[in-house]
Every structure is written in C-alpha cells, then in structure tokens.
Amino acid sequence: MPEPVAAATLDIPGRVRELFTYHFMVNALAAGTAVAVMAAIVGWFVVVRRQVFAGHTLSLVAFPGAAGAALAGLPAASGYYAACGLGAVALAPASRSGPSRGAETAAIGTVQAFALGCGFLFASLYHGLLGGVAALLFGSFVGIDDGQVLTLFAVAALAIALIGIAGRPLLFASLDPEGAAAAGVPVRALGAAFLLLLALAVAATAQITGALLVFTLLVTPAATAQALTSRPVAGMLVAVALALIVTWLGLAFAYFSPWPVGFWITSLSFGFFVLARVWRARRARSACGTSPTRRLMLPPGPPKRRRRRTREGGA
Amino acid sequence: MRAEQVLRLERAAAALGGRTIWSDVSLTVDGGRFVAVLGPNGAGKSTLLRTILGLVPLTAGDATVLGAPPGARNDMIGYLPQRRELDPAVRVRGVDLVRLGLDGGRWGVPLPAWLPGNRTGRAAARRVTDVLELVDAAAYARRPIGELSGGERQRVLIAQALVREPELLMLDEPLDSLDLPGQRSVAALLQRICRTRGVAVVLVTHDVNPILPYLDQVVYFASGRAMAGAPEDVIASGALTGLYGVPIEVLRASDGRLVVVGQPEAPHVHTPRHA
Ligand SMILES: Nc1ncnc2c1ncn2[C@@H]1O[C@H](COP(=O)(O)OP(=O)(O)OP(=O)(O)O)[C@@H](O)[C@H]1O
Ligand SMILES: [Mg+2]
C-alpha cells in the first residue's frame with residue numbers, strides 16, 4: 001500500500017485529492033459507486049419482498065464461485081457472476097411465495113454451509129489468490145482492474161435499466177402480490193426475473209465487499225431507508241444516497257487507516273441503520289396517543305377487536 | 001352508460017384439479033345491483049369469482065361478463081381477493097397501494113407527481129384522492145397500511161379495487177376480520193357506491209345478516225349447485241331444502257336476523273362468532 005501523503009494532517013481537500021492520485025484508488029471508488037447504486041436499488045426490493053434469505057444464499061454461493069474461478073485460472077469476477085447466476089436458477093422454484101417456507105430454508109441452509117466448505121477447499125488449493133480467502137469473504141479494494149470497473153458499470157446500467165422498465169409492476173407484485181395478480185401483472189415471471197437481477201447485484205457487490213459482507217450494501221441501506229420513509233421512490237433514493245456515502249467514506253477511511261474496507265463500510269452502514277431505527281422509535285412514541293382522526297374514523301363498538309400489529313419483526 | 005347486464009352465466013360448470021366444483025349454474029346480474037354469494041366453505045364461491053375473471057375456465061355452459069367472454073374486460077372489474085397477504089412489517093402507505101391499483105400493471109417507474117410535465121401523474125394522484133374520499137379513507141391513507149385497523153385497511157383495499165372506476169366490483173369475504181359495526185359500515189359504504197355510481201357489487205360472505213337490508217339478489221352455493229334470486233326467495237326453508245337435498249329450516253330472529261338450521265355442516269348464513 002502506498003504511503004499516505006496527507007495522512008498526518010487534517011487537510012481534508014488535500015486528502016481527497018490524494019485519493020484520486022492513485023489509479024487503483026480511482027478504480028475502487030468508481031467500482032464502489034456503480035455497485036452502491038445498483039445494490040441499494042435492488043436491495044430496496046429485496047427488503048420489501050422479504051427475500052433477504054435468498055440474497056444471503058446467493059452471496060455465500062459467490063464465494064466458491066470466485067475461488068473456483070481463480071483455481072481454474074479465470075478472473076474471479078467471472079466466478080462471481082457464474083455462481084450467482086446458477087444459484088438464482090436453482091433458487092427460483094424454491095422461492096415461490098407460499099406457506100411451505102420452513103422446509104426449504106433448512107435445505108437451503110445446508111447448501112449454504114456446503115458452498116462455504118467448497119469455497120474454502122478451492123481457496124486452499126490455490127495459493128496465488130490475491131488477498132487470499134479473507135479478501136473473497138470480507139472484501140478488498142486493491143486490485144480492481146479497468147476491465148472489472150467497466151464490467152461493473154455495464155452491469156449496474158443493465159440493472160438500473162431493467163428496474164426502469166419493470167419497476168412499477170415489480171413494486172406492485174412485491175407489495176401486494178394478490179392485488180397485482182388480480183390486475184393481470186405476471187407476478188411469477190417477475191419474481192423469477194427479479195431473482196436473476198438479484199444474482200447480478202450480489203455478484204457485483206461481492207467484488208467490493210466480499211461474499212460475507214454483501215448485505216452491508218444490499219440490505220442495510222435499504223432497511224435504513226425503509227425505517228425513514230414508506231414512500232417507494234423516496235425510499236430507493238435514500239437507500240442509494242446512504243450506500244454511496246458509506247462506500248465513499250469506507251473506501252477513504254480504509255485508505256488512510258490500517259483497518260480493512262469491509263469493517264469501515266459495515267460499521268458506517270450499521271451506524272446509519274441504528275440511528276434511523278432510534279429516530280423512528282422516538283417518532284412512534286411521540287406520535288402515540290395523539291391521533292384524534294383515527295378515533296373519529298373508527299366505527300363505534302367494542303374496540304378490543306382492533307388488532308395491534310405495529311412493528312412486528314421490522315426491517 | 002352502465003351496461004344493462006354485467007354478468008350472465010348459463011348452465012355453467014367449473015372444475016379444479018379435475019374435480020367438478022359446481023355445475024348447471026345459471027344467473028344474471030344487472031348493472032348497479034348488490035349481490036351476495038353465500039354457501040358453506042369449499043362450495044365454490046371464490047371459484048365463481050375466479051371464473052368471472054377468466055382465471056378458471058368453464059368446463060360447460062356459457063358466461064358473458066360485461067358483454068364479452070370472461071377475462072376480456074378485466075380492466076372494468078374491481079376485484080378484492082380473499083386472504084390478502086400484506087406484510088405489516090413492510091411499511092407501504094394506503095395511497096401507494098391505491099395508486100398501484102390504478103396503474104401498477106403498466107411498465108416503467110412511478111414518477112413523483114410534482115415533476116414538471118408529469119400531467120398524467122397529477123391526474124392519477126387526483127383520482128386516487130377522489131376514490132379515497134369516496135370510501136372515507138382519506139384521513140389515514142397516508143399512514144402505513146400495517147398500522148391500520150382491520151376496517152380501515154379494508155376501506156383502503158376497496159378504494160384500490162374502485163380506483164379504475166369499474167362497472168363490476170367483486171369482493172371475496174371483505175367483512176371477514178371486521179367486528180359487527182365494522183361490517184355494517186363497510187356494507188353501507190358498498191351499497192352507497194352501488195347506488196350512486198351504478199357499480200354492480202358481487203360480495204362473498206359468510207354472514208348475510210349485516211348486508212341483508214341492502215341486498216338485491218343472492219346466489220347460494222351448496223352441494224355442487226347454485227341458486228340465484230331475491231334474498232327472501234333463496235334464503236327460505238323450501239328453497240334451501242331443495243338445494244341441499246336435506247331438510248333445512250330458516251328462522252327469523254326477533255331483530256330480523258336470519259338463522260339457517262339443519263345444514264349438513266356448520267351454520268354458514270349466520271356465524272355465531274359475530275353475535
Ligand atoms: N387449485 C385447486 N385444485 C383443486 N381443487 C381446488 C383448488 N382450489 C380450490 N379447490 C377446491 O375447490 C373447492 C371450492 O373452492 P373455493 O375456494 O371456491 O371455495 P369457497 O366457497 O370460496 O370456500 P371458502 O368459504 O372456504 O372460501 C374446494 O373444495 C377446494 O378444496
Ligand atoms: Mg373462498
């Protein structure tokens with residue numbers, strides 16, 4: 001790693017300029033930007049569709065994919081895309097929304113462990129891995145080449161274009177599957193297509209954050225945005241802004257400090273998440289008991305049957 | 001300019017998974033009528049709505065929906081499915097759900113109405129506001145739907161089904177999770193929509209009593225057949241005895257409620273849990 005020039009002073013503009021003097025750092029920031037935008041938008045749908053578990057599975061499959069590709073002498077990025085794509089195809093029939101989720105989660109959990117084991121084997125068989133197992137699992141920002149940056153931008157553009165085309169029906173199918181099906185939205189087909197899009201986003205994100213920390217860009221900014229606003233478009237924009245902030249700051253902090261980028265990005269996005277939850281909890285408490293309209297709108301009668309279902313689980 | 005006859009089934013039969021659910025069903029519904037679909041669990045009430053939408057094909061007979069075969073004019077039908085899975089943890093506002101009912105099937109992304117030049121967006125937002133006022137849900141439509149009471153939620157969902165100004169509104173057990181006053185007020189709302197807008201309402205219910213004063217017509221499903229007609233003709237001892245094939249007695253309580261006694265299964269027209 002190059003010697004930080006302005007590290008000793010608090011000269012912020014100087015430090016920012018310094019970040020852009022190294023090609024590898026420019027590449028890392030560019031790749032991080034593309035990944036952050038895509039992961040936040042796709043992740044917003046993941047949170048709304050409650051497909052966090054599917055995202056987790058795909059990110060774990062990414063690890064043996066990348067390690068296996070390296071072992072076979074291919075670029076690790078190709079391993080990410082291939083493994084996640086295959087994972088999405090395998091998950092598609094299982095993730096059909098239905099009541100029989102329990103049995104599937106057990107089976108998928110078994111596959112997750114197996115995938116991690118395979119990845120570990122591939123990584124130990126191949127010793128020339130840049131940054132080693134830790135980089136594949138927890139991310140690294142050195143060694144992102146120009147081709148990888150271009151691919152990431154192309155993938156992000158594709159993902160955003162797809163959301164631009166199918167965003168509204170996908171939103172309908174995600175928020176209200178029965179209502180969407182009644183309105184003629186192809187709910188099943190959209191679900192399968194979204195899983196492939198998710199695979200693409202996971203494969204891209206894993207290249208920056210590592211397989212285990214994909215959620216830090218995919219799910220945490222989206223969950224934070226959900227806590228802040230229930231408006232769909234606003235929520236997606238907030239998620240994108242948060243993902244960009246934590247990516248840029250995380251890369252910069254990792255550059256100037258001895259601590260790894262994975263730590264910085266996860267702790268920054270976790271910090272925002274906690275702040276958002278605290279803010280919402282306080283707002284909910286202060287709004288409690290001051291809802292005269294609600295009183296008036298309720299038909300007279302025994303109020304006991306009013307079901308209280310606030311903030312179950314959350315996300 | 002409402003269609004004279006919105007619905008017509010002639011000797012129709014429907015099957016699911018190779019099993020005939022009902023057959024020889026004939027009925028007509030005119031525009032602006034309030035119709036209840038009754039019958040025990042599994043009698044095929046939801047199946048009737050799904051055949052009208054063209055989601056389940058008829059195995060025999062004929063159906064005309066808004067002057068066309070089933071499925072051809074679904075854009076003119078508002079449909080509220082049974083058992084709606086709206087995750088309370090996902091914070092979606094009522095207005096957004098209603099708006100999706102208006103244009104959620106269209107490709108593209110929903111753009112905010114305040115964007116310059118977004119005239120269709122503003123017109124759509126106005127339409128959503130109007131329909132929310134129509135169902136008296138404007139006061140809480142901007143709150144997350146998971147925080148609403150059962151009755152408030154049901155009103156928002158009825159607004160979603162109404163937002164495209166359908167000629168036929170079909171609701172599958174919309175009164176299910178409501179207490180008695182809630183049932184009465186939703187029923188009164190539906191009747192108002194039915195009368196003032198000329199929308200034909202077809203409503204599946206377990207308990208006919210909260211809506212009895214508003215009904216024009218009843219379709220009663222049992223034993224794989226159905227009977228349609230005026231409420232007092234269908235919910236009557238003789239008619240139901242003929243339909244079920246076993247002796248049935250319809251009693252009228254002193255407060256006007258109907259109680260059906262002697263069904264092969266649990267009582268359905270009046271469910272005691274609401275008493
Ligand atoms: N996909 C299916 N394949 C086979 N049979 C089905 C299918 N769906 C429903 N059925 C059967 O069809 C019958 C009618 O179902 P339907 O949902 O129309 O009943 P219902 O009158 O709406 O009942 P409920 O009051 O419980 O809602 C039931 O016996 C049910 O078991
Ligand atoms: Mg049903």
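Anything in the range B:166-176 that is within 16 Å of ligand 2 (Cβ to nearest atom) and not charged (D, E, K, R)? List them, or say none. Give the steps one after another, and end with the answer.
Restricting attention to the range B:166-176, the residues satisfying the condition of being within 16 Å of ligand 2 (Cβ to nearest atom) are B:170-176.
Across the range B:166-176, the qualifying residues are B:MET170, B:LEU171, B:PRO174, B:LEU175.
Quick one: is B:ASP179 within 14 Å of ligand 2 (Cβ to nearest atom) and within 14 Å of chain A (Cβ to nearest Cβ)?
It is false that B:ASP179 is within 14 Å of ligand 2 (Cβ to nearest atom) and within 14 Å of chain A (Cβ to nearest Cβ).
Can you tell me how many residues within the range B:11-30 are within 10 Å of ligand 1 (Cβ to nearest atom), in contact (Cβ under 8 Å) with a residue 12 or more places away in the chain and not small (Gly, Ala, Ser)?
Qualifying residue count, the range B:11-30: 4.
Hey, any hits in the range B:37-45 for a residue that's under 29 Å from A:PHE172 (Cα atoms), modelled with pLDDT of 95 or more and assigned to a strand (DSSP E or B)?
yes
Looking at B:ARG2, B:ARG73, which one is away from ligand 2 (no atom under 16 Å from the Cβ), closer than 25 Å to B:PRO231 by Cβ and either modelled with pLDDT under 95 or within 14 Å of chain A (Cβ to nearest Cβ) (or both)?
Numbers: B:ARG73 fails: closer than 25 Å to B:PRO231 by Cβ.
Every option except B:ARG2 fails the conditions.
Among the listed residues A:ALA234, A:ALA287, A:ALA241, A:ALA222, identify the single one that is modelled with pLDDT of 95 or more, over 30 Å from A:VAL133 (Cβ atoms) and out of contact with any Leu (no Cβ under 6 Å at 6 or more places or on another chain).
A:ALA241
For residues that are assigned to a helix (DSSP H, G or I), away from chain A (no Cβ under 13 Å) and under 21 Å from B:ALA187 (Cβ atoms), scanning just the range B:116-169, find the one that is modelled with the highest pLDDT. If you could, list the steps in order and put the result at the bottom.
So the first thing to find is which residues in the range B:116-169 are assigned to a helix (DSSP H, G or I), and the list is B:119-134, B:138-140, B:145-147, B:150-162.
Still in the running and away from chain A (no Cβ under 13 Å): B:119, B:122-123, B:126-131, B:134.
Those left that are additionally under 21 Å from B:ALA187 (Cβ atoms): B:131, B:134.
Values: B:VAL131: 92, B:LEU134: 88.
Per the criteria, the residue is B:VAL131.
Would you be able to tell me the number of residues in the range B:11-52 that are more than 16 Å from ligand 2 (Cβ to nearest atom) and either touching a His at 6+ places or on another chain (Cβ under 9 Å) or among the hydroxyl-bearing types (Ser, Thr, Tyr) (or both)?
4
For B:THR59, indicate whether it is more than 16 Å from ligand 1 (Cβ to nearest atom), β-branched (Val, Ile, Thr), away from chain A (no Cβ under 14 Å) and over 17 Å from the mean Cα position of the chain (by Cα).
no
Can you name the residue in the range A:118-140 that is aliphatic (A, V, I, L, M) and over 16 Å from A:TYR80 (Cα atoms) and, of all such residues, is modelled with the lowest pLDDT?
A:LEU125
State whether one or more residues within the range B:38-47 are free of Cβ contacts under 8 Å to residues at least 12 places away in the same chain, surrounded by fewer than 24 Cβ atoms within 10 Å (Cβ to Cβ) and within 13 Å of ligand 1 (Cβ to nearest atom).
yes
The values are calculated or read from the model by the stated rules, or taken from the named source; none is laboratory data. None of the values given here were measured: they were computed from a predicted structure. Heads up, the Cβs are rebuilt from the backbone with ideal geometry, glycines too, and the neighbour counts pull from every protein chain shown.
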